[in-house]
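Below is one structure; the comments refer to it alone.
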Number of protein chains: 4
Amino acid sequence: MSTTDTQPRRSIGAARNPDSHAAILAAAEEIFCESGYAGFSIEAVARRARAGKPTIYRWWPSKAHLLLDVYTRLKSSRMPDPDTGTLEGDIRSFLTELVRFWSGNTGGVYKSLIAEAQADHKAAEALQAYSIERTQHTAGMFERAKARGEMRADADSLAASDLMSAYAWKLLLTDRLADQADIIDKVTSILVRGLVK
Amino acid sequence: MSTTDTQPRRSIGAARNPDSHAAILAAAEEIFCESGYAGFSIEAVARRARAGKPTIYRWWPSKAHLLLDVYTRLKSSRMPDPDTGTLEGDIRSFLTELVRFWSGNTGGVYKSLIAEAQADHKAAEALQAYSIERTQHTAGMFERAKARGEMRADADSLAASDLMSAYAWKLLLTDRLADQADIIDKVTSILVRGLVK
Amino acid sequence: MSTTDTQPRRSIGAARNPDSHAAILAAAEEIFCESGYAGFSIEAVARRARAGKPTIYRWWPSKAHLLLDVYTRLKSSRMPDPDTGTLEGDIRSFLTELVRFWSGNTGGVYKSLIAEAQADHKAAEALQAYSIERTQHTAGMFERAKARGEMRADADSLAASDLMSAYAWKLLLTDRLADQADIIDKVTSILVRGLVK
Amino acid sequence: MSTTDTQPRRSIGAARNPDSHAAILAAAEEIFCESGYAGFSIEAVARRARAGKPTIYRWWPSKAHLLLDVYTRLKSSRMPDPDTGTLEGDIRSFLTELVRFWSGNTGGVYKSLIAEAQADHKAAEALQAYSIERTQHTAGMFERAKARGEMRADADSLAASDLMSAYAWKLLLTDRLADQADIIDKVTSILVRGLVK
DNA sequence: CTCTAACCGAGACGGTACGTCCTGTCTTCCA
DNA sequence: TGGAAGACAGGACGTACCGTCTCGGTTAGAG
């Protein structure tokens, strides 16, 4: 469903209309890319998507849920999950790719999600659940390093994953995603030395 | 100036009224403690402080600036700046104290500041300036370790400071400030090993 | 069909389901008695009657038609049509009984019908048709008085009927149905003197 | 302040802006004349008047109050208050003039007011107060007839005024304002005979 | 005895309007 | 001139209904 379509969609009956669902997500993404978080309102999304506000509220209980959906939709270009064979390569690759991944609109959406979570309790829960899932997944990178015998067995993979992503968060939240090759190197160096045998 | 005062303050003439300034900050802090970021609006602060909205806008160009003022005001209980004599002690102490420092309302204010910065460009600048200043200050902790010969000379103090505080930010932003002694230990361990000779 | 029934009614095939019809009218009446015109919506009636909205729209093209049905249903306790033998007795009896008849929920329904007719053209037609029929019927009261030789032959029965019921309408629409015995006497007196030989 | 002005009005400070007040009333009247009660929403008035909704709600607590203001504003062409020297002339003139007065948009506004009063309690109070005041004022017409010795002393002036205006209400509410000269004559005749000595 | 047409409940849909809250600007009046 | 006060245009919020539509299922009656 193109958002440039000026003909209103009709209901398809008592079942959820996938066209509406798609149009709303597309409109949300477009508005975000054009106007950022400041211009991102349910009202504006509804207008752009030619959808009724209640239709949005029916399926996304809060702005944060809609943002989260937009974010996961943007992840079609996959999240970094490197496996270079060395811990140092994995960490550097993870940070570099995540920074690149966030450098487009994706980062803005994620930032807004974090911001939204500070005001809205529901958003906080959704973000926390997502964040935990990601941290656990990324911990696999460190588990592989342990299996290779490269990483200390007594170093906590979850803590390492958490720490590494924390640094990415801070770069994102303080608008320092651009030109960070050198500082990523330095942080990678600290992390690697902190984790290897 | 008590906020329970029912007599309106009058202008004291062609000079800034320090009573108004204090009343506004006090009201802002109170509202934040009672209702959090969600209830924190210029309107509400003005109402509580018995001040006119233009008076607030005159002295604080944005909500973020007011938040920042509230935050620095809360820092009368000083920020952590440990000097235990060992790198491990310093790092553990820094994280522990920062977590404790943020556990009250202070953390909420700082979170909101970070959130606000994602939507408001002015807030972003203010936060970034503050954050850089803090990171540089905390880097001194690592410089002392280098001076003691405990830390590698080729490890970047700013990067270390940035990484450490990034972890604290993430704990704050994902509501995990409570009961983090064990995970702080694990992260401290990684950092220390990553930095020592 | 009780509205407390928790089992949904199914279609009975290619014919109108009288159970649904009855349930909708019952629900409409209940809602009106409980919440008045303000709470009276097609949505609410459908919910209460466990009916689909299209079922209601199929049989009652507008809210006014439903209201009119509810009203005529409430008229099982018959409308006043006195025949006391004297014009004065008839008029006083008509007004008194109509006021009493309207004093329950019936009056509220009729008021709402009049109100609805001001916004909705279809409602206006339905009300006008009903009103004309009633006025003509009541005119019979005056025709009987003429036949008795009590009323002037040149006084218009329809006009008299219209004027008398107009007064009842105004009492209804200005919430003055209660305790109107004295003012009804005064009006009756004017009307009688205006009509007798 | 012309409503065709496309430049937004600015606030004139801490005092009520008479331009806004006038623009809102003008817009309300225009919308009513164009679209009738059905299209008359606070939203539409605000849009047309280039006013914020809160500005309207600040000064008119309900739609009915706004309607009442529009109505009284339309009364610049004065309400009928005949003094022809005879009771019959006064009554006929009152009804005829009121019907003519209501034949434009004014009648529509008053109808809507009556309708609104059936749903909204506040509207009901406002209408009742207005209606009582009008009835009392019109009763003066009958008092003059009594003073002339034309009308029975024991006929109640208020009841007469109430009855007469009730008939006008019914004509209004049943859309029978046009071409009512003959029926007005008949009703006038009944009323006159009912009131004279 | 099958097929079809109309009915039923349910509920999603695009919309409109509601009444409230807040934003940032502006003006008036007081000290 | 600074400050309290508060009106202003504007816009987003989340909710309630509107009237329309489709769905899946049911049954009566037409062929």
### Task
Give the residues of the range B:75-107 that are surrounded by 15 or more Cβ atoms within 10 Å (Cβ to Cβ) and among the small types (Gly, Ala, Ser), sorted by residue number.
B:93, B:107
### Qualifying positions in the range A:22-36 - away from DNA strand F (no atom under 11 Å from the Cβ), touching a Ser or Thr at 6+ places or on another chain (Cβ under 9 Å) and assigned to a helix (DSSP H, G or I)
A:23, A:24, A:26, A:27, A:30, A:32
### Task
Kindly provide the set of residues from the range D:140-181 that are in a helix (DSSP H, G or I), at the interface with another protein chain (Cβ under 9 Å from one of its Cβ atoms) and without any contact (Cβ under 8 Å) to a residue 12 or more places away in the chain, ordered by number.
D:159, D:166, D:170
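Condition test on residue C:40, is it within 14 Å of another protein chain (Cβ to nearest Cβ), within 22 Å of residue D:120 (Cβ to Cβ), within 10 Å of DNA strand F (Cβ to nearest atom) and modelled with pLDDT of 65 or more?
Numbers: within 14 Å of another protein chain (Cβ to nearest Cβ): yes; within 22 Å of residue D:120 (Cβ to Cβ): yes; within 10 Å of DNA strand F (Cβ to nearest atom): yes; modelled with pLDDT of 65 or more: yes.
It is true that residue C:40 is within 14 Å of another protein chain (Cβ to nearest Cβ), within 22 Å of residue D:120 (Cβ to Cβ), within 10 Å of DNA strand F (Cβ to nearest atom) and modelled with pLDDT of 65 or more.
Yes/no matrix, rows are residues, columns are (1) assigned by TED's automatic domain parsing to the domain that holds residue A:166; (2) closer than 23 Å to residue A:182 by Cα; (3) within 16 Å of DNA strand E (Cβ to nearest atom):
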site: A:82; (1), (2), (3): yes, yes, no
site: A:98; (1), (2), (3): yes, yes, no
site: A:112; (1), (2), (3): yes, no, no
site: A:119; (1), (2), (3): yes, no, yes
site: A:135; (1), (2), (3): yes, no, no
site: A:142; (1), (2), (3): yes, yes, no
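Hey, among the residues in the range D:48-67 that are part of a helix (DSSP H, G or I) and aliphatic (A, V, I, L, M), which one's farthest from residue D:120 (Cα to Cα)?
Restricting attention to the range D:48-67, the residues satisfying the condition of being part of a helix (DSSP H, G or I) are D:48-49, D:53-59, D:63-67.
Filter again for aliphatic (A, V, I, L, M), leaving D:49, D:56, D:64, D:66-67.
On the way: D:49: 24, D:56: 18, D:64: 8, D:66: 13, D:67: 13 Å.
Among those that are part of a helix (DSSP H, G or I) and aliphatic (A, V, I, L, M), it is D:49.
Criterion first (within 10 Å of chain D (Cβ to nearest Cβ) and acidic (Asp, Glu)) does residue C:88 satisfy it?
Working: within 10 Å of chain D (Cβ to nearest Cβ): no; acidic (Asp, Glu): yes.
It is false that residue C:88 is within 10 Å of chain D (Cβ to nearest Cβ) and acidic (Asp, Glu).
Hey, among the residues in the range D:114-139 that are among the charged types (D, E, K, R) and out of contact with any helix residue (DSSP H, G or I) (no Cβ under 8 Å at 6 or more places or on another chain), which one's nearest to the other protein chains (Cβ to nearest Cβ)? Write out each step before concluding.
Of all residues in the range D:114-139, those among the charged types (D, E, K, R) come to D:116, D:120, D:122, D:125, D:133-134.
Next, from what is left, pick out any that are out of contact with any helix residue (DSSP H, G or I) (no Cβ under 8 Å at 6 or more places or on another chain): D:125, D:133.
Values: D:125: 9, D:133: 12 Å.
Here the answer is D:125.
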### Query
Between residues in the range A:116-127 that are assigned to a helix (DSSP H, G or I) and residues that are more than 14 Å from DNA strand F (Cβ to nearest atom) and of a type in the set (Lys, Arg), which pairs lie under 7 Å by C-beta distance while being six or more apart or on different chains?
A:118/B:111
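The values are calculated or read from the model by the stated rules, or taken from the named source; none is laboratory data. Everything numeric here is computed off the predicted structure, so don't read it as measured data. So basically every Cβ, Gly included, is an ideal-geometry build from the backbone, and we count neighbours across all protein chains shown.
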